[in-house]
Amino acid sequence: TGGGSLLNSAGKIKAQVALNAQRHGNDLVGMFRLTDLLTHEDLRISRLTMLGSVRDACGAVQSASPSSMEFEGTGTYNGSPASFRVCMQQNGNGARGATPDQLHVSCTAGCSYVAEGPVSGSLAVHQR
């Protein structure tokens, strides 16, 4: 869960991000929204299809870390149907962390958008 600003390699705000992904019994519930402030692209996940540990290489997000997670889902890219993969790693406690949280998002169907980097804000991973 969490959100904030996805930063580019120069430390400038690239996009605004909000996310929530969790299990309720056997159901996956949550949402993801990324608004790219530079390219004006809008990504939304409204239905989760997978939630768990990071399975494969996913940008700068470490797959072996207990503070990392991955989720996949379907939604829209600029209003058109699309599917996405999102990986996140909680490295600190929001702005107080020495190492910023990391986020990687890629479109897996319906578009070719990819973005990753540190997050100014707070991402929280609670493995169960």
Identify the residue in segment 25-46 that is of a type in the set (D, E, K, R) and open to solvent by 20 Å² or more (accessible area, probe 1.4 Å) and, among all such residues, is farthest from the chain's Cα centre (by Cα).
Asp27
Is segment 1-18 home to any residue that is farther than 23 Å from Asn91 by Cβ and exposed (fewer than 13 other Cβ atoms within 10 Å of the Cβ)?
no
Failed condition for Gln22, given (1) surrounded by fewer than 16 Cβ atoms within 10 Å (Cβ to Cβ); (2) over 18 Å from Val125 (Cα atoms); (3) among the polar types (S, T, N, Q):
(2)
Here are the criteria: (1) over 19 Å from Gln89 (Cβ atoms); (2) among the acidic types (Asp, Glu); (3) open to solvent by 20 Å² or more (accessible area, probe 1.4 Å). Tell me which single one Asp56 does not satisfy.
(1)
Just one of (1) closer than 19 Å to Ala15 by Cβ; (2) out of contact with any Gly (no Cβ under 8 Å at 6 or more places or on another chain) trips up Ala82, so point out which.
(2)
Are any residues in segment 95-123 outside any strand (DSSP E or B) and over 21 Å from Ser53 (Cα atoms), and if so, which ones?
Ala95, Arg96, Gly97, Ala98, Gly110, Cys111, Ser112, Tyr113
Pick from segment 13-38, criterion outside any strand (DSSP E or B) and at pLDDT below 95, ranking: nearest to Pro100 (Cα to Cα)
Leu38
Looking at segment 97-121, which of the residues that are of a type in the set (Ser, Thr, Tyr), closer than 20 Å to Thr1 by Cα and open to solvent by 30 Å² or more (accessible area, probe 1.4 Å) is modelled with the highest pLDDT?
Ser120
Determine the pairs where a residue that is among the small types (Gly, Ala, Ser), located within segment 77-92, has a partner that is modelled with pLDDT under 95 and in a loop (DSSP other than H, G, I, E, B) with Cβ atoms under 8 Å apart, the partner being 6 or more residues away or on another chain.
Gly92/Ala98; Gly92/Thr99; Gly92/Pro100
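The values are calculated or read from the model by the stated rules, or taken from the named source; none is laboratory data. In this text the structure is predicted, and so the values were computed from the model without any measurement. All Cβ positions, glycine included, derive from the backbone under ideal geometry; neighbour counts span all protein chains shown. Ligands, DNA and RNA are stripped out before the accessible areas are found, and what is left, the full protein with its side chains, is counted by its heavy atoms. Shrake-Rupley method; radii C 1.70, N 1.55, O 1.52, S 1.80 Å.
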